[in-house]
Structure formats: structure tokens, C-alpha cells
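No lab work stands behind these numbers, since they all come straight from the coordinates. Just so you know, these numbers come straight off a predicted model, no measurement behind them. Note that each Cβ is placed from the backbone with ideal geometry, even for glycine, and that neighbours are counted across all protein chains shown.
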Amino acid sequence: MPTLYERLGGAPAVDAAVDIFYRRVLADGRIARFFDNVNMEEQIAKQKSFLTMAFGGPNKYTGKDMREAHKKLVAKGLNDMHVDAVVENLSSTLRQLGVNEKDVLEVAALANSVRADVLNR
Amino acid sequence: MTLLTYRSAAIDIEPGEDVLSALLRAEIDAPHSCRAGVCQTCLHRAVEGAPPAAAQEGLTEAQKAQGYFLACVCVPKTPLTVIPTDEAAARSEVIVRAIDRLSGDVARLYLEHGPDFSYRPGQFLELITPEGLGRHYSIASVPEEDPHVELHIRLHRGGRMSGFVSEQLSPGDRLHVAGPLGTCFYEGVDPGQPLTLVGAGTGLAPLMGILRDALRRGHHGPIRLYHGARERAGLYLHDPLEALAAKRENFTYVPRALSDPGPEGGDVAAAVLEQELALKETAFFLCGGERLVGRLKRDLFMKGASLKQIRSDVFLAAN
């Protein structure tokens, strides 16, 4: 039985999703300010690691990494509403790419699984 | 024979071990994060040997051509000498062969270089004065066609390098350069795809190199070059580019001078956003100040251009 990551299409699927996802996030007034980095290449690389993790792909992130990476954003006001918005944009990206609803939910669940670490709770 | 060398030090690496793990084990403070070949934090550059293809997955063609690779997923099979990406570039000596003016405030410099200095048009180098003052300039020449490296130097009133170039430098003088640096060159572009070059001021220099390189490599898709300046006089290659556009069916030149009331007046970024339609298919090269490049990159991306297809080079003002 193929894994979620394999079903979604692996690294090429992450590549296909990242531009659409990042475009949606930047257009979303609720969260754009957290992602509006001058260095767009750096942002895309970060979004790719996030998508890979959420797709169930290879990653060695620890809760500690997640906490460290988001500490500054939490200080700037990052909260549950923003995480909801990210997951929402992620789900609509996948639907736009024709991913079935069961897999969309599975990805959303994986993204949600790091919520506590991201929000440093 | 040692499999891994970092700068000039041999590093112990176990069979099947990745470069990042070996560097960390040798107590080298190599940046890293995901350790899965995704986040690109552990980007390094191989200066000798070829990294395995798996370690270059997800990088741009230009990065691959320069030997960049991801240390966390790089298990070398053949000897590799690696350096961090911020390593200072090698220095070499050059001889000034000619200096002339392209406009009131743009000087053109031709430098003779040794055989050890090899570059791709569009890359940049650091020009270093005998007093040790260094500034970055993009390369407008094409190594296969031009005997000398060509630089366009914007002369700022009161600028130290500007004063040096316009008042002290003469043909025959010897200088040092460091480099070349940068990955903004014609690589990973399909010869049939639309190619759009956008530059402001001396951002035209790398674009001239990239344009000539593209033509030399047989690019047959439509090519559009937008050049922006404040004043009309700043469109310093207006006539030769217009002549080239008349001769080449697939080449269009779009000049825009901010203060000009005529048809060639206005904001170059606005012209790009208005005239560029096949955003998804186009390869973009953006060269100029931070504001122009940042704004255009974002706007083109939001309108549908692929970020991978937008190469850019930001000219930072010297302090």
C-alpha cells in the first residue's frame, strides 16, 4: 500500500504545489505579513519543507526545531487563527490540484499535528 | 585517497555517510535544518569533483552548473572538495585595456584577464582598487566572443569607486578582481520559451551578457529586453539595441525613461506588467535596484509566473 507521500506524487508533487500554495498565502490578508519576506527563494524553500512534512514525506524535524523556527513569529502575534488559515490554504491548494478529499484531510491532519510546537505551547 | 575535502582539510567520512554528517562530526559548524534534502539550508558548493545527482535535486540549473549541492543528502562516491556558499571568491589580476563613457554617468571598462578566470555572462565580480576598496559589477561580455571582460560602472557623485574609475584609472593599469560570483545566467532556459530581460540603470550590463549568450546558444523563442532609466540619456544602449531589434525577428527592445513624456517614457516595471502576458511560460531575468527587482518579482509571481523561472540579481548601493 503506497504511503500518503507516494500517493500524492512525492517531490514533483511538492514542486507543483509550492507556487500555488505560496501565492495563496501571500494573497491571504490574514497571514500574508508572516510570509512576506524579501527573499522569496528562501521562503519557497521553507514552504517546500513544510509541504513535504505535511505530505508525509521524508523529514527529520523535531518539536524543538518547530518551536525555534516559529518563536519570532509567535512574538509577533502568531496564533491559532493563523494556523487555521495556513491549513485552509493548504487544503484549497490540494483541491485545486485534484487531490481526493480523503488525502486532503490526511494532509490537514499532519499539518495540524505540529500546531502546538509551531505556537510554542 | 580522501573522499571528502572541506576547503583544504581532509574530512573523515564513513561509507554511506552524507557530507553534512561528516562535516558536523568533524566539528564544522555547517548550517542545516531538515536533513532530508528539502529546506536547502545546508547548501554547499563543490569546487572539485561532481556531487551525485540526488544531492542536486530541486536546485536551479544555474546552481547545478556551479557545483552547488545539498550536503545532507550527498553521499559521495568519488572525491569531492567542498566549500561553504559564502566562501570568498578567488582573486586574480587583470589589466585595464580601455575605458570609455556610455553616457554622462556610466563608464565602460574593458579588462584583460588570465586563463584561470572563467565566467558566464551575467555573473558578477568584485573589482578591487589598489587601496583595497571593493565593489561588485556585473559582466556584460561573452567569453567565447570577447577578448576582455566588459563592465558598466555607474558613476555616483562623490562615490569612492566612481572617483577612482573616472579620475585615476587608465589603460595599462593592473587591478584585482574576485569572482566570478552569482547564478543569474542563461542556464535551464528552453531555447524555444519566451525570454524576458528586465533591467534598470546599469542592470543592463548583465542583461547584455545574457542576451548575447542566449542568441549565441540558439535561443529562438521571443526575447524581450526592457531597460528603464530616469532620463532618456540613461538609456545608454538605445541605438544599438534598436538596431538589433530591427535585424532580429525574435528580439524586441522596450526602453522606458521615467521623465520622458514620449512613447518611450514611463515606469519600466509598469511596462513589464502591462506587456508580459505568457507569464507561466516565460523565463525572466530581473537586474537592478532592490525596489524594482523585489516589486517585479512579487507581482510577476502573484500574476502566475513560476518563481523557479524568475532569476534575479539585486544591485545594492554601496555605503
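Rg and Dmax of the stretch B:195-315, both derived from C-alpha coordinates alone, stand at 13.3, 37 Å. Non-local lysine pairs in chain A, meaning eight or more places apart or on different chains, with alpha-carbon distances under 16 Å, amount to 5. Counting only DSSP beta bridges with both residues in chain B, the antiparallel share comes to about 60 percent. The equivalent ellipsoid that matches the C-alpha gyration tensor of the protein assembly as shown spans semi-axes of 40, 29, 20 angstrom, in descending order. Taking every residue in B:32-44 and counting other chain Cβ atoms within 10 Å of its Cβ, the average works out to 6. With the highest mean first, a sort of the peptides B:79-89, B:203-213, B:41-51 on other beta-carbon atoms found within 10 angstrom per residue produces B:203-213, B:41-51, B:79-89. Multiplying the residue separation of A:Glu88 and A:Lys102 by 0.36 nm and subtracting their alpha-carbon distance yields 3.5 nm.
In degrees, nearest 10, range 0 to 90: what is the angle between the Cα axis of helix A:40-54 and the longest Cα principal axis of chain A? Helix A:40-54 and the main axis of chain A meet at about 60 degrees. Evaluated with a Cβ-only charge set (Lys, Arg +1; Asp, Glu -1), the stretch B:119-253 carries a dipole of roughly 300 debye about its Cα centre, given to the nearest 20.
Please report the spacing between the Cα centers of the stretch B:1-52 and the stretch A:32-74 in Å, no decimals. Cα centres, the stretch B:1-52 to the stretch A:32-74: 23 Å.
From least to most packed, judged by other beta carbons within 10 angstrom and beginning with the fewest, B:Glu242, B:Glu150 follow the order B:Glu242, B:Glu150.
Among B:Leu258, B:Gly16, B:Ser138, pick out the residue whose Cα is farthest towards the positive end of the charge dipole of the protein assembly as shown, where Lys and Arg carry +1 and Asp and Glu carry -1 on C-beta, about the Cα centre. It is B:Leu258.
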